[in-house]
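Working notes, beginning with the structure itself.
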Amino acid sequence: MTALYEEPDQLALPSSPDLPTAVGPRSPGPAERHEHRLSPDRWEALAEAARVHGARPQALLVAAFAEVLRGWSKSPHFTLAYRSPGTGLVPVVASRTDDRFGVRAAKLDQAIARAVAGAAPFTETGGPPVVVGALEAGQVPEPALLDLGFREENGGLYLRWEAEGTAFPRGLCASMSGALVALLERLTTEEAAWRETRPDVVPEADRAILDEVNATDGPVPDTLLHEIVIARAAERPDAEAVVDGRRRLTYGELSSYAHRIGRRLRRDRVRANDLVAIVMEKGWEQYAAVYGVLTSGAAYLPIDATVPPERLAHLIERGHVRHVLTQSRLAERLTWPDGVVLHRVDEEFETGDDGPLPSVQRPTDLAYVIFTSGSTGEPKGVMVDHLGVVNLITDVNARFGVGPDDRLFGISGLHFDASIYDVFGVPAAGGTVVLPDPFERAQPDRWTDRVREESVTLWNSVPAIMEMLVGQAEIRDDRPLATLRLAVLSGDWIPLTLPGRLRAQADALTFVGSGGPTETICWSVFSPVGEVDPSWPSIPYGKPITNQRYHIVDDELRPRPIWAPGQMAVVSDVGLAHGYFDDPDRTAAQFVTLPEGGRAYLTGDLGRYLPDGNIEILGREDHQVKIQGYRIELGEIETVLRDQPSVEAAVVVAPRSGWGVRRLHAFVVGQDGPDPRELRTRLRELLPSYMVPAKVEVLDTLPLTRNGKIDRLTLIERAGGVGPAVSAKPGPEQTTQADRTAPAEDAEVPGTALERVIGVLMGDVLGCEPVERTGNFLRLGGDSLSGTRLAYALRELLGVEVPLRQVFDNPVPADLAAAISSVPVHGATAVEAAELVMDLSEEQEPVLS
C-alpha cells in the first residue's frame, strides 16, 4: 500500500494538483479570497479529535485540504507546497490510499515533521504551486495558484482560502472552500467521518444541480418497433414512408413487405434474438428488410456492403447468421460465405401472403446488433432491444414535435448507429424518409437538390456532412436548405461557425447538438444551440434525454463535482445496450454497477459538468478516435498489422491537423523489411476503408518513453503537422499555425503557382508535407471532411468557388489546378490570385509557409 504522504524525491515528484482552470489567457486582477472562522469551542473539539487519531491539528487541516483538492483534481496523486514558519515551502506528496481518513492524517503528521526537518526546498513540479500551511498575522502569501493559510485567533481558528484572481472558473473556489468547511464540520461532530476512506466532498449545491439534470424518468410505451409502423400503415396506407431515386414506397406497401419477409423467415425457423444480416446499398429495400426481420421476431445485423469479403464473412460468422437479406444486384456482385441463405428483397417478395403476424418477441428482446471497432482486434457487437429504441423515439418525436408532415433525409448508413432514428423515429411519427442514391463519395450538390425537391424538414448526420451541404448551399442562389426546420448533428465535434452558417440558409431552423455512444442507443444527450459564444472551447455536449442519466466519475467510479473532469458513465434502466454479442468479458468490463447504484455503461469519454447542467466533452485518454463519424479503436488496426508475417510491432496514430482533420498513420517494425504497399493492400482486404491508414511507415525501432512505453507523442509529431500554414482567413477548425515537415528532396514540387498553392493547402488540411503535383489527395487520407475543408480554403484564399465534386474528381494538384483554371467565369482570377499569393510568400510576409 502506498503511503498517503511520502518522503519527497525531487526527481520523481508528481505535479501540483491539476485543478480546473478558466478558459483563455489569465489577466492580472485581485486575488479571490474566502475566509472562515471556527469558534473556540469548535476548534478545540476538532483539535482534540485530531489528537485522538494521532495527528496534530495543523496536519489535520492539510489532510482535509488535500481531500478536497482530490475531489476536483484530474489526478488523485499530487505534490503540495507546505508552508512552515522559519523554514519556507517544503514539498509534501499526497497519494490516494485505502486508509481511513484518521490514519491518513496521522501519517501526514509524521511526513510533515520529516519534510520540515529535512528542509528540502519546494521547486515547481509542473504547474503553479498549491500552498498550504500556517499563516502569520500580516504575512503576504507566496505567489501560488491556490493558497490555504490558517492561524489561531482568540482561541478559535482563522482559515483564509486565496486564489490567483482569474485562474479558476467563476464559483469554483467558493465551492471548494465550502467543501473544506463542510468536511471540517463533519470531522468535528461525527466520529464516523474519521473512519471513512473516501470522504464525500461534492457540495450539496452541485448535487442538487446534478440531481435535477438527471431527473429524467418517464414512461415508455409497451410496444415493439414494427408494431408502431404497422399501426401507421393501418391509419394512412397511402402515405409515403420511404422515397428513393427509384421508388416512392407507401406505408401500406412497407407493411406488406414486412409481413411477407417475416413470414418467410419464420418458415425458415428464425427465432427471437437470432440475427438476420442486412447487406444492402441505400434504397427502399433496407426499410422493408429491417421491418421484415423484426416482424419475424428476429433482430437485424446491418453490414456495410462495401466491406472487404473477408470482413463480411467474419461478421456473418460472428453473428451466427444463417439468413441474409440483400438486393439482387449485390447478390451477384459480392462474395458470400458458404452456408448462408440469400433473400433478394427487391425480387422475392412482390407477392405472397401479407396478412397479419402476431408478434413473438418481447420489448426486451433484441432489435439489432451493430458491430463497432474493438481494441483487441475483434469488432464488438452492440446488442440493443426494442424497449431502448422506443424510449429514444418517444422522447425525440415529442421533444421536437415530429409528425406526419415531416420529411427526413436519410444520409446515414444502416450499419452506422446514427441511422437508428432515421429508420424508426420518422416512420413512428408517420413521416417520410427521403434517401439519397447509393454513393461511394460525397455528393453534396445532388443532396442539396434532393433536399429542395423533396421539401426535407429534418436532418440527422455527423457535422462533416452538414458542412459539405452548407458549403454547397452557400455557392447557390436558390436557398436549397430553406425547408429545414430541425438539424441534429452528432458523432463528432461541431465547428463553432456551423450553426450560424446553417441558420443563414434556413431561417426557421432549430440547431441541436447531440451525442451518445452506440451502447446508449443513437442519441442520449441533446444540446440546443442558440447564439454561439466565439470564446467557447466547443459546443456543449448537452443534457440527458428521458430515462438516461449521465454521471462524471473518477477512476473509482465515484461522482465528481461540477467543473471536475472524469469519465462519462451513462446509467439507465431502459436506454443501454444489453452488452456485446457473444462477448461476456468485454460486456463485464464496460457495463458495471456504480457504487451509488445503477447499471452503467462506461463510455471512455472524458467530460465535466458545467454550472448550467450541461456536459462539456473533453476528449479521451485511450486510443479510440472518430474518423468520418465512425468510432475506431486504433488497437484493432494494430492487431491486424501485427498478425502479418513481416510485422513484429505496430503502432497506429491519428494526428489531427489544424483544420480539424484526422488521418490514420501506421508505424511498423520488422526484420524482413515490411513492404508498406503490400501491408496497405492487405489492410484493405481485412478492414473497412475508413480504417485503412493513409500511410504505413517502416521504422527500425519504435521510440520509447523513459518508462519504457511506446512514445506515441513522438510518433504523432512524426506523422504530421498540427496546424495549417495559410495565414489567410482560416477554416472553422483552425487553431494555430505551425511549421510543416519539409518535402523529401526527391519530391516533385508542384510547378505553376496554382499547383503549388493547391499542394500546400492539401498538406495543410491533411496535416502533412505539401502534396507534390502528381500526388493524390485521396490516397494520402483525404475524405469528405478534408475535401470540404480544402474547398473552403481554396475559396477563401483564391476568391473563387471550388465545388467539392471538383476536388474529388481531381485529387491530383496538377489536375485540380487545370480544372480550376479552365473555368471560363473565374479561371483567370484563380491563376492571378495564386501568383499573387506565391509572390507575397516569397518576397514579403509569407502567406504560404
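The values are calculated or read from the model by the stated rules, or taken from the named source; none is laboratory data. Please read these numbers as outputs of a predicted model, since none were measured by experiment. Positions of Cβ are generated from backbone atoms using ideal geometry, with glycine treated the same way; all protein chains shown enter the neighbour counts.
Of the residues VAL181, VAL229, which is touching a residue at least 12 places away in the same chain (Cβ under 8 Å), in contact with a strand residue (DSSP E or B) (Cβ under 7 Å, 6 or more places away or on another chain) and assigned to a helix (DSSP H, G or I)?
On the way: VAL229 fails: in contact with a strand residue (DSSP E or B) (Cβ under 7 Å, 6 or more places away or on another chain).
Checking each option against the conditions leaves just VAL181.
Is it fair to say VAL390 is surrounded by 23 or more Cβ atoms within 10 Å (Cβ to Cβ) and under 25 Å from the mean Cα position of the chain (by Cα)? Talk me through it step by step, then tell me what you get.
On the way: surrounded by 23 or more Cβ atoms within 10 Å (Cβ to Cβ): yes; under 25 Å from the mean Cα position of the chain (by Cα): yes.
So VAL390 passes the test.
Checked against (1) surrounded by 20 or more Cβ atoms within 10 Å (Cβ to Cβ); (2) without any contact (Cβ under 8 Å) to a residue 24 or more places away in the chain, PHE581 passes all but a single condition, namely (2).
Considering THR188, THR166, the condition of being buried (at least 16 other Cβ atoms within 10 Å of the Cβ), part of a loop (DSSP other than H, G, I, E, B) and either of a type outside the set (Ser, Thr, Tyr) or assigned by TED's automatic domain parsing to the domain that holds ALA94 (or both) is satisfied by THR166 alone.
Only one entry in ALA241, ALA277, ALA272, ALA258 is within 19 Å of GLY319 (Cβ to Cβ), under 37 Å from the mean Cα position of the chain (by Cα) and not in a loop (DSSP other than H, G, I, E, B), namely ALA277. Being more than 20 Å from GLU285 (Cβ to Cβ), modelled with pLDDT under 95 and more than 32 Å from the chain's Cα centre (by Cα) is a condition met by no residue of segment 363-383. Residues that are hydroxyl-bearing (Ser, Thr, Tyr) number at least 1 in the following helices (runs of 4 or more DSSP H) confined to segment 745-813: 784-798. Note on segment 769-816: residues that are modelled with pLDDT of 85 or more, farther than 20 Å from GLY471 by Cβ and not acidic (Asp, Glu) total 9.
Regarding segment 313-328, can at least one residue be identified that is at positive phi and out of contact with any Phe, Trp or Tyr (no Cβ under 6 Å at 6 or more places or on another chain)? Yes, because at least one residue in segment 313-328 is at positive phi and out of contact with any Phe, Trp or Tyr (no Cβ under 6 Å at 6 or more places or on another chain). Scan segment 480-520 for residues that are crowded, with 22+ Cβ neighbours inside 10 Å and among the small types (Gly, Ala, Ser) and the total you get is 8. For segment 97-116, a residue qualifies if it is more than 13 Å from GLN58 (Cα to Cα) and either surrounded by fewer than 21 Cβ atoms within 10 Å (Cβ to Cβ) or outside the structural domain of PHE78 (by TED's automatic domain parsing) (or both), and the qualifying residues are THR97, ASP98, ASP99, ARG100, VAL103, ARG114, VAL116. As a summary of the residue check, ARG452 satisfies the conditions (1) over 22 Å from VAL389 (Cα atoms); (2) crowded, with 23+ Cβ neighbours inside 10 Å except for the one numbered (2).
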